[in-house]
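Notes follow the structure.
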Amino acid sequence: AGTVVLAATPIGNAADASARLVALLEHADVVAAEDTRRLYALANRLGVHVGGQVVANHDHNEHGKADSLLDRVEQGATVLVVSDAGMPTINDPGLAIVRRAIERGLPVTCAPGPSAVLDALALSGLPTDRFCYEGFLPRKHSERMQYLRSMKGERRTIVFYETLHRIADSMDDLLAAFGPDRPMALCRELTKEYEQIRRGTIGEIHESVVNDPPRGEMVLVIGGASQEEAQQAAPQSLSVQELAQLAK
Ligand code: SAM
């Protein structure tokens, strides 16, 4: 059999394309791309000729596509899976084919590379030894508040993806749910010419977002709860002794 290869693509700076990505674009038998126009745009920037067949593989069709792509793998093909930017499967298509390849016992591997999660986390200056990636915050205010409140006691550093359309509302809710004092970083336009990292407390970053609305792509990194905050946030639980007392 051939192989499925997930490959990360640049998140802004074409020079971050790995030599392995370039070789795969040239030589893979099939390239399954989230958006075929963006794939060709990337290939152009890299000066690469995409040698194989190019097929669209996006959120709306990836479940249906997985088996036909894997049939090709079974026949010996290398199927390259790329998303518009960064690591496939990370808030991007790719997981459907990985799961199906595992089910069918077909080889799947990865040509790793840029992903905004790790870039932002590393630049945030916040603890990296334990972190959780939470994708995009819920769109609706009420769901976002409920969700953020449920995260208040999280001890690990928290990474969220965010969009310029919702950043002001999300910062309002973050301030309301977590209070002003937590450290955080707003990391925007990573790897691009106007990369900017705003570091401060939630209160300070909130103010900076009001005064100077950030544009472009962005990631929020929030410091985890202190032990005290985590204890305050924890639901009141009864000790074994208290439970025994109640059972009497
Ligand atoms: N698969 C991608 C990855 O591995 O990072 C993520 C795709 S997700 C649809 C797009 C989101 O990733 C953006 O809304 C933003 O939150 C984040 N992102 C992607 N590129 C970025 C960049 N250059 N700077 C800051 N955030 C970025």
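Readers should treat all values here as calculations from the given coordinates under stated rules, not as data from a laboratory. Here the structure is a predicted model, which means the values were calculated and not measured. Quick reminder, even Gly has a Cβ in these numbers, built from the backbone with ideal geometry, and neighbours come from all protein chains shown.
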Nearby aspartates and glutamates by direct alpha-carbon distance to K152 (threshold 16 angstrom, same-chain neighbours under 8 apart not counted) = E134, E143, D172, D173, D181, E228, E229
Per-residue [θ]222 nm for the chain (sum of -39500 (n - 2.57) over DSSP H runs n ≥ 4, rounded to 500) | -12000 deg cm²/dmol
The range 70-125 versus the range 205-219: alpha-carbon centroid distance in Å | 31
Counting Lys +1, Arg +1, Asp -1, Glu -1, what net charge surrounds G12 among other residues with beta carbon under 9 Å of its beta carbon?
-> -4
Label point distance in nm, Q146-Y194, each placed 7 Å from Cα along Cα→Cβ | 3.7
